[in-house]
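Note sheet for the following structure.
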Amino acid sequence: MKNLKILAATVFVGIGVAITYFYFEYAVRHSTEYVWHDLFNTDSRRLLVLPLSIALTLLYFGAQHIFDPKSEKQESHGLGSAPPPSVVNFIKIIGIGFLSLLAGASLGPEAILVPACILLGQYAGKNFLGNSKPAINLLGAAGFIALLAAFFNSFAVGVLSLLLIKKQMGAKLTPLLIAVGIVASGSTAIVLGRLKNSAYVALPHYDWSIDMSTIFILAALGFAGCAMTYGLSTIHDISAAAVSRLTGRGQWWLRGLVAAAGLSALYLLGGSLVQFTGNDSIGPMLKQSASLGFWGLAWIFIMKLFAISWSKASGYRGGLVFPTVFAASVIIAIAKLYVHDINLIYALIVVMGGAVIADSRLKILL
């Protein structure tokens with residue numbers, strides 16, 4: 001009977017995560033599009049990037065200072081950490097995270113949505129199953145699994161994330177945990193199907209055949225992924241030192257001004273492809289890669305690493321995984337200038353795999 005209650009609560013969590021993900025992503029995407037592109041047309045009127053970034057960043061830092069002062073001088077780490085489960089904490093995570101991404105942070109939603117969805121699961125466990133800590137943690141894991149299924153719009157990815165749960169949390173793959181993973185992924189996938197959701201990062205289809213030359217190229221791309229993470233870590237350290245020197249223990253508005261000034265300068269130097277998380281820029285970047293050439297793509301890659309690092313070091317909320325996917329895609333675009341038939345999906349998996357391997361030592365992405 002208890003296991004049935006857990007699975008019933010898991011369905012509730014899966015539905016809640018699907019709704020949370022869909023409407024958060026919808027709000028960020030459409031608000032950013034409206035404010036930055038439609039209302040102020042920063043694609044054409046590039047100098048407006050500076051005042052708009054300053055105004056929105058001050059709004060974000062001000063809201064954080066008022067509603068969540070404990071987090072205002074902390075960087076956004078890894079996939080985020082979930083506070084005690086409550087409706088107020090859920091709203092804080094979602095609301096402040098939304099303002100950070102709207103302000104133009106070159107970060108992803110994962111460090112916002114992961115703690116929010118884990119919290120949602122824990123809240124469900126607390127209310128449906130009492131104060132049983134194992135049950136609360138199990139439902140928290142269900143929230144994480146459901147979110148992975150939502151990000152990639154894939155039931156299979158959600159189930160496979162059980163392996164990540166096992167590695168990151170040291171959990172044993174018990175029959176109950178596997179059942180929770182299946183139910184959480186399935187309920188999320190069904191709801192998102194009804195909402196006509198698409199994957200957070202849309203990639204083109206490629207031929208899945210593989211040969212020895214492909215393996216050699218993929219090995220080189222794996223090393224490039226490792227180097228990318230080391231470069232990101234080094235640039236982050238430089239950015240953090242610069243932010244500390246410029247702001248000291250200054251007021252929230254000073255930190256906001258410094259954060260916005262640095263980020264907008266990078267966006268003006270790097271161009272519109274460098275802006276924001278980068279998931280919507282992968283397709284346009286790949287289409288323009290031939291005209292951009294090696295040096296143009298290399299410049300975008302460097303500016304993106306600086307934008308990611310500065311966003312993290314200066315106090316914006318968000319994660320590094322999805323913006324790093326854009327940087328990895330730039331590496332692949334450079335390789336495709338010389339080897340045209342690279343399978344983008346294989347290549348992206350390998351580059352990000354190399355990045356994660358390097359991160360096991362550097363601890364900057366996850």
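Any read-out appearing in this document is the output of simple, stated calculations on the displayed coordinates, not a laboratory observation. These figures come from a predicted structure and were not determined experimentally. All Cβ positions, glycine included, derive from the backbone under ideal geometry; neighbour counts span all protein chains shown.
Relative to the Cα centre, the charge distribution of region 39-169, modelled as +1 at Lys and Arg Cβ and -1 at Asp and Glu Cβ, gives a dipole magnitude of about 220 debye. The peptide list 342-355, 280-293, put in order of mean Cβ contacts within 10 Å with the highest first, becomes 342-355, 280-293.
Taking amide H as placed 1.01 Å from N in the peptide plane, the amide H of G108 sits under 5 Å from that of G319, L320, V321, F322, each at least 5 places away or on another chain. Note on L48 and V339: the model spin-label points, each 7 Å out from Cα along the C-beta direction, lie 4.3 nm apart.
When the C-alpha to C-alpha distance is required to be over 20 Å, the pairs from K70/K92; K5/K126; K70/K312; K133/K363; K92/K304; K312/K363 that qualify are K133/K363; K92/K304.
Residue order for F306, F223, fewest other beta carbons within 10 angstrom first, comes to F223, F306. Its alpha carbons give the chain an Rg and a Dmax of 20.5, 63 Å. Each residue in H340, H30 was given a count of other beta-carbon atoms within 10 angstrom of its own, and listing them fewest first yields H340, H30. In plain terms, the chain from A8 to L163 could stretch by 53.5 nm, reckoned as 0.36 nm per residue minus the Cα-Cα distance. A simple spin-label model places pseudo-atoms 7 Å from Cα toward Cβ; at R361 and A242 they are separated by 2.6 nm.
Sorting 260-268, 66-74, 310-318 by their mean Cβ neighbour count within 10 Å, with the most densely packed peptide first, gives 310-318, 260-268, 66-74. Across region 36-47, rounded Karplus estimates of 3J(HN,Hα) from the backbone phi angles (6.51 cos²θ - 1.76 cosθ + 1.60, θ = phi - 60°) give 7, 9, 7, 6, 10, 6, 6, 5, 9, 9, 5, 5 Hz, Gly and Pro being marked x.
Protection proxy ranking, highest mean first, for peptides 126-136, 326-336, 151-161: 326-336, 151-161, 126-136, where packing is the per-residue count of other beta-carbon atoms within 10 Å, averaged.
Entry for region 2-194 at q = 0.10, 0.15, 0.16 Å⁻¹: log10 I(q)/I(0) = -0.44, -0.88, -0.97, Debye formula applied to identical alpha-carbon scatterers, no solvent contribution. With the gyration tensor restricted to C-alpha atoms of region 251-338, the semi-axes of the equivalent ellipsoid amount to 26, 12, 9 Å, longest first.
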